[in-house]
1. Could you identify the single residue in Arg233, Arg213 that is assigned to a helix (DSSP H, G or I) and farther than 27 Å from Gln63 by Cβ?
2. Taking segment 262-293, which residues are at pLDDT 95 or above, part of a loop (DSSP other than H, G, I, E, B) and of a type in the set (A, V, I, L, M)?
3. For segment 314-331, which positions are buried (at least 16 other Cβ atoms within 10 Å of the Cβ) and either more than 7 Å from the ligand (Cβ to nearest atom) or on the phi > 0 side of the Ramachandran plot (or both)?
4. For segment 379-421, what are the residues that are touching a residue at least 24 places away in the same chain (Cβ under 8 Å) and of a type in the set (Gly, Ala, Ser)?
5. Have a look at Glu52, Glu58, Glu16, Glu41 and point out the one that is under 30 Å from Ala132 (Cβ atoms) and within 22 Å of the chain's Cα centre (by Cα).
6. Check off (1) more than 19 Å from Val31 (Cβ to Cβ); (2) buried (at least 21 other Cβ atoms within 10 Å of the Cβ); (3) near the ligand (Cβ under 10 Å from one of its atoms) for Ser284 and give me the number that stays unchecked.
7. Looking at (1) outside any helix (DSSP H, G or I); (2) surrounded by fewer than 20 Cβ atoms within 10 Å (Cβ to Cβ), which is the only condition Gly129 fails?
Amino acid sequence: MPAFRAPRGTSDILPEDQPYWAFVAEAGARVASRFGYRRIETPTFEPTRLFERGVGDETDIVQKEMYTFEDHAGESLTLRPEGTASVCRSYIQHGMRNLPQPVRLFYDGPMFRYERPQAGRFRQFHQFGVEAIGDPSPEIDAEIIEMGWMFLQELGISDITLRINSLGDPDDRDPYSAALGEYYSQHLESLPKEAQDRLKRAPLRLLDSKDPRLQELAGDAPRSLDYMGEESRAHWERLLSLLDGLKPVYPDLNYVVDHRLVRGLDYYNRTVFEIEPRDAGGQSTLLAGGRYDPLVEILGGDPAPGIGFAAGLERLILGLKEQETPIPETPPIDVVVVRPGDTERERAAQAAAALRARGLSVVVAPARSMRAQLRYADSLSAQYALILGDRELERGKATLKPLDGSGEQSEVALDPAAICEAVTHH
Ligand code: HAM
């Protein structure tokens, strides 16, 4: 047992996994820029109040999952559990309300939640997220969903389902919560203890519980769609028709209206959605989001509507591995410099420096036997070994040996330009 291990629920992302991470991050940035979104980066910690207010005091995240600490000046800070509150804070702080609206932003980075770790659920995890702030129209909702769908397509993740619901507006919420409260109260004695407490504080959350008894009850529970005001209904209907309009481009974009979908963060109104593998079970939501029109004002800004989503990168990468998706490899090392014996190591270092200065990737093999050095070159999947043998050196030459089985070794002038030429034009 090593003396130290990474904390529970966190992982090292080792070199062999980096191609997956690069693949996913590049796909995110590429898709976001195709839709005109620009990158934003916010700090990994923020004032605790930001999340208490933004994400909501009643949520699991705020009640149980935040990494909160006091700094040396006694200020309470929290490692961000998600990105939306931070992006809205930044939007307000930098007066982005004065820019042409909507402002389209994307981000990726680590998030922190003290959750019970299991497959696909971590304490430090990574999200790719997008936010469009300043446009109330359903066209933006459809754009965000189209972008999420395209992102997963671009990664080759297929067999996915889009679940979608509308929570209506905050004014519609009270009668709806009351109806839910009444419905569940009729079954009070059969509810788990935690659900009985929840019933008073956050009845909507009972709908998406994993508890089998609650899942059974959720089927017949009142539906938010039946409590929506006129405006949110019109918004919802327009959104569904916009999604239908995407069919010619994305024939498999099938959405399922799921009235149990309420999401675990308090800032949502109207549209909420999640995308998960078709045969999903457990912690499998790949990408989730929704509209959060009240949030900017809750955080002290002039009112500005918003909508966005975030995808969990660890879950996407698990999906890529399960599907055995081919991932572009990191470019191999061009040249490993091999110097038989332990003399003239400087010549090897000089040759390597001159080749790197011309843009090749070059590693000098450690001083070992010739065989061991060539084995080392193989282990790096290098393209060539540049062998500085004594006899060749005397004549100002070296041997260039292809390691990928692509041809015979040849003698080259020990001249960086000539070697470069031979390596790049092989
Ligand atoms: P969320 O549903 O809390 O939403 O998280 C979004 C995604 O992050 C999840 O669907 C999942 O893929 C991933 N995720 C969440 N928690 C974990 C975890 N403990 N381990 C691994 N992956 C996890 C949000 O965070 C909202 N900010 C999304 C949003 C953006 N809504 C509007 N704009």
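The values are calculated or read from the model by the stated rules, or taken from the named source; none is laboratory data. Just so we're clear, the structure is a prediction, and the values are computed from it rather than from any experiment. Because the Cβ atoms are built from the backbone with ideal geometry, glycine has one as well, and the counts that use them run over all protein chains shown.
1. Details: Arg213 fails: farther than 27 Å from Gln63 by Cβ.
Just one listed residue meets the conditions, Arg233.
2. The one that is at pLDDT 95 or above, part of a loop (DSSP other than H, G, I, E, B) and of a type in the set (A, V, I, L, M): Leu286.
3. Step one: of segment 314-331, the residues buried (at least 16 other Cβ atoms within 10 Å of the Cβ) are 314-320, 327.
Answer for segment 314-331, where residues must be buried (at least 16 other Cβ atoms within 10 Å of the Cβ) and either more than 7 Å from the ligand (Cβ to nearest atom) or on the phi > 0 side of the Ramachandran plot (or both): Leu316, Ile317, Leu318, Gly319, Leu320, Ile327.
4. If the condition is that a residue be touching a residue at least 24 places away in the same chain (Cβ under 8 Å) and of a type in the set (Gly, Ala, Ser), then Ser381, Ala382, Ala385, Gly389, Ala398, Ala417 are the ones that fit.
5. Working: Glu52 fails: within 22 Å of the chain's Cα centre (by Cα); Glu58 fails: within 22 Å of the chain's Cα centre (by Cα); Glu16 fails: under 30 Å from Ala132 (Cβ atoms).
Just a single option satisfies the conditions, and that option is Glu41.
6. (2) is the only condition that Ser284 fails.
7. (2)
Residue-by-condition table, conditions (1) away from the ligand (no atom under 16 Å from the Cβ); (2) under 23 Å from Ala304 (Cβ atoms); (3) β-branched (Val, Ile, Thr):
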position: Arg34; (1), (2), (3): yes, no, no
position: Val55; (1), (2), (3): no, yes, yes
position: Glu75; (1), (2), (3): yes, no, no
position: Pro100; (1), (2), (3): yes, yes, no
position: Arg121; (1), (2), (3): no, no, no
position: Gln124; (1), (2), (3): no, no, no
